[in-house]
1. Scanning region 649-694 for residues that are out of contact with any helix residue (DSSP H, G or I) (no Cβ under 6 Å at 6 or more places or on another chain) and of a type in the set (D, E, K, R), which turns out surrounded by the fewest Cβ atoms within 10 Å (Cβ to Cβ)?
2. Looking for something among the β-branched types (Val, Ile, Thr), farther than 30 Å from residue 378 by Cα and part of a strand (DSSP E or B) - is there at least one such residue anywhere in region 244-257?
3. From the list 56, 41, 52, exactly one residue is of a type outside the set (Lys, Arg), farther than 30 Å from residue 355 by Cβ, in contact with a Gly (Cβ under 6 Å, 6 or more places away or on another chain) and outside any loop (DSSP other than H, G, I, E, B). Which is it?
4. Return the residues of region 699-712 that are surrounded by fewer than 18 Cβ atoms within 10 Å (Cβ to Cβ) and either without any contact (Cβ under 8 Å) to a residue 12 or more places away in the chain or β-branched (Val, Ile, Thr) (or both); say none if nothing qualifies.
5. What residue, of 258, 327, 310, is closer than 21 Å to residue 397 by Cβ and touching a Gly at 6+ places or on another chain (Cβ under 9 Å)?
6. Do you know which residues across region 170-218 are aliphatic (A, V, I, L, M) and not in a helix (DSSP H, G or I)?
7. Restricting to region 221-266, and then to whatever is under 30 Å from residue 617 (Cβ atoms) and loosely packed, with under 14 Cβ neighbours inside 10 Å, can you tell me which residue is modelled with the highest pLDDT?
8. Working only within region 644-687, note down all residues that are farther than 13 Å from residue 699 by Cβ and in a helix (DSSP H, G or I).
Amino acid sequence: MPSSLSQHRRLRLANGLAVALLHDAELPQAAALVRIGAGSHQAPRAFPGLAHFLEHLFFLGSHSYPAADGLMPLVQRLGGELNASTRETTTDFFFALAPEHLAAGLARLLDMLAAPLLAPGAQRREREVLHAEFIAWSRSADTRRDLALAAALPADHPAAGFHAGNRYSLPLQSPAFQRALRAFQHQHYRADNALLVLAGPQSLAELADLAREQGAVLASGPASANATPPPLPARGEHWQTITATPPRLALQFALDDLPPGSWEAAELLETLLLGDHPGGLPALLRQAGQAARLSLAWPYRQAGQGLLQLDLSPGPQASPGHLTSLLFAWLDTLRQTPLSALQQSHAERIQRLWATLPALALARRLVERLWLDRRGDAWPQPALSPAAQAAWPRLLAQLVPERLSGFAAGLADAANRASPVAAPFTLPPPNPLLVDPVPSSAPALQPWPTSQALAPQQREGLLFLRWRWPGQVAPDAQVLGALPRRAAEAGVNLRWSPPGAPWELRLQGWAAALPAVLEQALGRLTAERDNGSPAPAVPPEPMLIRQLLKVLPERLTAVTPLTEITEGPRWQALACGLPQTAQASLAAVTPPPQPQAGPQGELPSFTGRHWHPEPSADAQQALLLFCPQPNARATTEAAWRLLAARLQGPLFQRLRSERQLGYAVFSAYRQLGDHGGLLIGVQSPHARAAEILAEIEGCLAESLAAIQAEGATLSQNIRQLVRDFSPGTPQRAALAERLWWGFQRSGALDLAPLQHALAALDDRALQQAWQQLIASDAPRFALANADAPSGWMS
């Protein structure tokens, strides 16, 4: 493994289960991932969507763990991450938790895959959830694109088929369907058809013991052999055009008979295709007015076949013919570039990537690299392997017009190739952010406020900077140029305020690189402040509830305006979790010339029930309901955080499983602007926003018994909250966000009052918070794509 701090090991259990283990002492969380070698293409043709349906059912109870004590409630209760994904030929199940809970999570994960209950009542409820997902999927612009591109594939190839499930393709009352459902689990969910990845700070010996103990529950014996898909021949360039808006453009290459090492070589290809520098493809397309943005995906990959998809936001002169001429000219010059030159900085970037990814992202990255070689013992390295080097020219040789299909929406010119053009490929320039600075020998006065409340760590430091310019909002992130991409290569995630919001910069990642990223960002933002150019429009989120989440903070300020200064420009900043060497480098960065802002002081109160209707053309309805806590006292915040943790399970059970309101249901404690509280979100394909609101309020009013049940889990929730806000927390970003929120308002550099309040929590404090939540005069803020019901201020 590229990180100097990590160790790794591969083994094969007695039942045939392949296991990959990664130890890194700096990982704050541990993660587990199981990949099964079966997906939607392996489902019986008579029952499209069966594989995805089974993925859902696994979470609804198993032989040793009923649904209420399964993996999902455990992860929700402990503040971890959890998800699953059914792809064309594989299905992944993965979670991340604090290291001490890895064993409990893994036991539940493997038991649900080996011995699911598949209860009839659970099937009926979950099929409706799947049907709601199907409705959203069928209306999606991405689906129209994917189906159009699939039309160019051979009709007998599984990638050209329709594999989504719905109420009508999953006939639960049919004995044949029930036999097929159980046969699919029995045939494919076997040890020999799976790969288990464990990553965490535990020693390799501990991880190996855990894998042996829990992995034995998967049945041994060979899985059913997957049918070899037919070839993907070069059938000639194929385009499909429609007149729909907004304009869209997508390209897809059908790759076939690729040699071993191709998917490793494809990582280098992805880097080069997306490299946004002079001579890079995105810059070339942008300068020619062809595409403002470029993204890349692999909708299908199996053994030696793959579909490489490029999705583009059309530029002002977008023309499929001109765009493809530029693309193929650029690829021609790329083929002429020696591989040795392309590799020079690639290994550096890969090494930093592996050194900074969190546990769950590491596990997901590892499974992609190891899946096709799950019976081997090799381990990913930063430099291309000999097999990948040999595969490189054969991979490039298939990126030709004969293997291209295209989709164009709202563009006049479809496929008339423009005359040949020159499109020289230029190597990515060296990234200076990948070079860690030499530590300063002389200590300097630290001009940047720094908190010691988060344990220092090289893998993940955090830094926040907020500028307050009276009457001026943030420009678009494009003013930062290629800096976000270069920062990402160096292991730093750079987030900048969306247009219309206050100027706020957030840096998270490789601590040694944070000061240099900050210095470059300050230079660009200062120049933009002097220019004052208008911000371009922001592309909408594809999912309705995400659109609402994106605008929620801004809409909330219309009801509770953010505390603002009036005496002129000011700045505030806070660094968290930085080692001493990074703190020394930070001290050498000159802060903004404006004065620092002082604490905001007493926070404004939130009263009344407010509804903001958000315009949307979406046929579905979504609602975000924010329930602010009544005051900003630490004891109140602690109790409301506990209440939010206790409500996650009951809200999810009622709104998604019992009432089947929709497939997107969540609840969590959030801090929005000057207020903290409970945020609940639901998106539904059939229920109106007023119905969703009534169900939420009904669930809250009837939830006391559910949140008080099981004193043992209450104690576990409290311990988890105490852990989450301690210096060694696995939730480093969440703790840093809370430090930043508190620092802006009080100037505090630690969370001592909140930590003491969390440690003193009990059932009485929980009941009091619940009473505050359901009080008749409790404030609310609702954001929905619907008009306000009676009794709400709009």
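1. Within region 649-694, the match that is surrounded by the fewest Cβ atoms within 10 Å (Cβ to Cβ) is 658.
2. Keep residues of region 244-257 that are among the β-branched types (Val, Ile, Thr), which gives 245.
Within this subset, residues satisfying the condition of being farther than 30 Å from residue 378 by Cα are 245.
Remaining after also requiring part of a strand (DSSP E or B): none.
Checked against the condition, which is being among the β-branched types (Val, Ile, Thr), farther than 30 Å from residue 378 by Cα and part of a strand (DSSP E or B), region 244-257 yields no hits at all.
3. Working: 56 fails: in contact with a Gly (Cβ under 6 Å, 6 or more places away or on another chain); 41 fails: in contact with a Gly (Cβ under 6 Å, 6 or more places away or on another chain).
The unique qualifying residue is 52.
4. At the first step, the residues of region 699-712 found to be surrounded by fewer than 18 Cβ atoms within 10 Å (Cβ to Cβ) are 701-702, 704-706, 708-712.
Answer for region 699-712, where residues must be surrounded by fewer than 18 Cβ atoms within 10 Å (Cβ to Cβ) and either without any contact (Cβ under 8 Å) to a residue 12 or more places away in the chain or β-branched (Val, Ile, Thr) (or both): 702, 705, 709, 710, 712.
5. Numbers: 327 fails: touching a Gly at 6+ places or on another chain (Cβ under 9 Å); 310 fails: touching a Gly at 6+ places or on another chain (Cβ under 9 Å).
Being closer than 21 Å to residue 397 by Cβ and touching a Gly at 6+ places or on another chain (Cβ under 9 Å) holds for just one of 258, 327, 310, which is 258.
6. Filtering region 170-218 down to residues aliphatic (A, V, I, L, M) leaves 170, 172, 176, 180-181, 183, 191, 194-199, 204-205, 207-208, 210-211, 216-218.
Within region 170-218, 170, 172, 194, 195, 196, 197, 198, 199, 216, 217, 218 meet the criteria.
7. Taking region 221-266 first, the residues under 30 Å from residue 617 (Cβ atoms) are 239-252.
Then drop every residue that is not loosely packed, with under 14 Cβ neighbours inside 10 Å, which leaves 243-246.
Details: 243: 85, 244: 78, 245: 77, 246: 81.
The residue in question is 243.
8. From region 644-687, those farther than 13 Å from residue 699 by Cβ are 644-645, 660, 662-664, 666, 668-677, 679, 681, 683-687; that's our starting set.
Listed by number, the residues that qualify are 644, 645.
The values are calculated or read from the model by the stated rules, or taken from the named source; none is laboratory data. Only a predicted model underlies this, so the values are computations on that prediction, with no experimental measurement involved. Glycine also receives a Cβ, built like all others from the backbone with ideal geometry; neighbour counts cover every protein chain displayed.
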